[in-house]
Structure formats: structure tokens, C-alpha cells
């Protein structure tokens, strides 16, 4: 693990708290209420890492994505609130572990499933941060994963085929996958 010094020093208060600077919270997408894991090492370093509840299920999420891709023939991506944690039907190198884009982040927070068809004048949402209008995908379904009332990620179906239109079946499959993954987190 490569760590980078920030040059910022903070003192611990009388309750054992330390403030994470706003710039770091913004860069790392740490929001109020976000869980952080605490690690220590032998050299006495304390490391804070964003906790991804769905990341704990990444192997299971990947198996579910494989089943969903086999059933639909579409590219399937599953994300937590920050990164893609499973991808089937597309290049893992292109998606796996990549930061999600602001558009996908906003859709997840709104807790509503969306379905977009570019052929019907719909705008395809960028699911990755560094993506700039990936026009190779013509339709998509995005279903937020909700666990105990909190959004924790998304299930995304993507299609490049112009003759294939995603409809209610794909929407229901994505919602079912999202609901199932959300329920797994509650156990």
C-alpha cells in the first residue's frame, strides 16, 4: 500500500476525536455518517478506510452479476457508493474498481430505478467518473441497492445493441437483483 503524506496535522480532542480536513473528505467522497474502518500496523500507523458494506459481498455480487448477464445477455455492473465491485460482459480492466461518476452517484442517492434508451432520445448516463459520454451503449437500466433505508450501491444493465430495447423485464430483473443484494446486507 502506497501512502501519500498530506502535510496536514490535526490534534485529538479530549473525547478522542480527530477532524478529517474538508479537502480530504471531498477528494475521498467521505460524507457525514459514512462508516470508516480503522486499521493499525506494526509501525504504529493508524489508517482510516471507507467501509463498503456491499464490498463484503463482492464475490457473491459477481456470481449474481454472472447469472443476470446470462439471463439477459447485457453487460452487468454492480457498484457500491464509490466504485464498481463486479462486472460481467465487459472488460474488467475498463470497469472493475473504477470510481463511479457523479451522474450515477446522484441516481443512487435518489433511490429510483431509471431506464434510458438512447434511440428514444434518452441521455445515457456516465457510470464511471472518467467516462465522457460513452456513446457505445444505447440503453441502460440503473437500480439503486438499498439496505435498511440507506443506499449502498447500484445494479446497472447496459446494452450496445441497437435492435435490443430494454423494457419492463430488464427493469424488474435489475430491481430484483438490487433488492436481493440489499436484503443480503441486512442479515
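Scan (1) at pLDDT below 85; (2) assigned to a helix (DSSP H, G or I) for the single condition residue 104 breaks and write down its number.
Going through (1) at pLDDT below 85; (2) assigned to a helix (DSSP H, G or I) one by one, residue 104 breaks only (1).
Being closer than 15 Å to residue 174 by Cα, modelled with pLDDT of 85 or more and assigned by TED's automatic domain parsing to the domain that holds residue 170 is true for just one of 111, 99. Which residue is that?
Values: 99 fails: closer than 15 Å to residue 174 by Cα.
Among 111, 99, only 111 is closer than 15 Å to residue 174 by Cα, modelled with pLDDT of 85 or more and assigned by TED's automatic domain parsing to the domain that holds residue 170.
Restricting to helices (runs of 4 or more DSSP H) lying wholly in the range 4-96: which have 1 or more residues that are touching a residue at least 40 places away in the same chain (Cβ under 8 Å) and touching a helix residue (DSSP H, G or I) at 6+ places or on another chain (Cβ under 7 Å)?
Once the helices (runs of 4 or more DSSP H) in the range 4-96 are filtered for at least 1 residues that are touching a residue at least 40 places away in the same chain (Cβ under 8 Å) and touching a helix residue (DSSP H, G or I) at 6+ places or on another chain (Cβ under 7 Å), what remains is 58-72.
Restrict the check to the range 172-187 and report whether at least one residue is part of a loop (DSSP other than H, G, I, E, B), modelled with pLDDT under 90 and under 30 Å from residue 30 (Cβ atoms).
For the range 172-187, residues part of a loop (DSSP other than H, G, I, E, B), modelled with pLDDT under 90 and under 30 Å from residue 30 (Cβ atoms): present.
Of the numbered conditions (1) surrounded by fewer than 20 Cβ atoms within 10 Å (Cβ to Cβ); (2) farther than 20 Å from residue 141 by Cβ, residue 72 satisfies every one except a single condition; which is it?
(2)
Looking at 165, 171, which one is in contact with a helix residue (DSSP H, G or I) (Cβ under 8 Å, 6 or more places away or on another chain) and either within 15 Å of residue 117 (Cβ to Cβ) or crowded, with 23+ Cβ neighbours inside 10 Å (or both)?
165
Do you know which residues across the range 33-62 are under 15 Å from residue 147 (Cα atoms) and modelled with pLDDT of 85 or more?
Within the range 33-62, just 61 meets the criteria.
Would you check which residues across the range 2-25 are at pLDDT below 85 and closer than 18 Å to residue 99 by Cβ and list them?
Answer for the range 2-25, where residues must be at pLDDT below 85 and closer than 18 Å to residue 99 by Cβ: 2, 4.
Can you pull out the residues in the range 96-127 that are within 16 Å of residue 159 (Cα to Cα) and within 11 Å of the chain's Cα centre (by Cα)? Talk me through it step by step, then tell me what you get.
We begin by selecting, within the range 96-127, every residue within 16 Å of residue 159 (Cα to Cα); these are 114-127.
The answer is 127, and nothing else.
Please give the number of the condition residue 32 fails out of (1) surrounded by 10 or more Cβ atoms within 10 Å (Cβ to Cβ); (2) within 26 Å of residue 102 (Cβ to Cβ); (3) outside the structural domain of residue 180 (by TED's automatic domain parsing).
(1)
The values are calculated or read from the model by the stated rules, or taken from the named source; none is laboratory data. Small disclaimer: the values here were computed from a predicted structure and weren't measured. All Cβ positions, glycine included, derive from the backbone under ideal geometry; neighbour counts span all protein chains shown.
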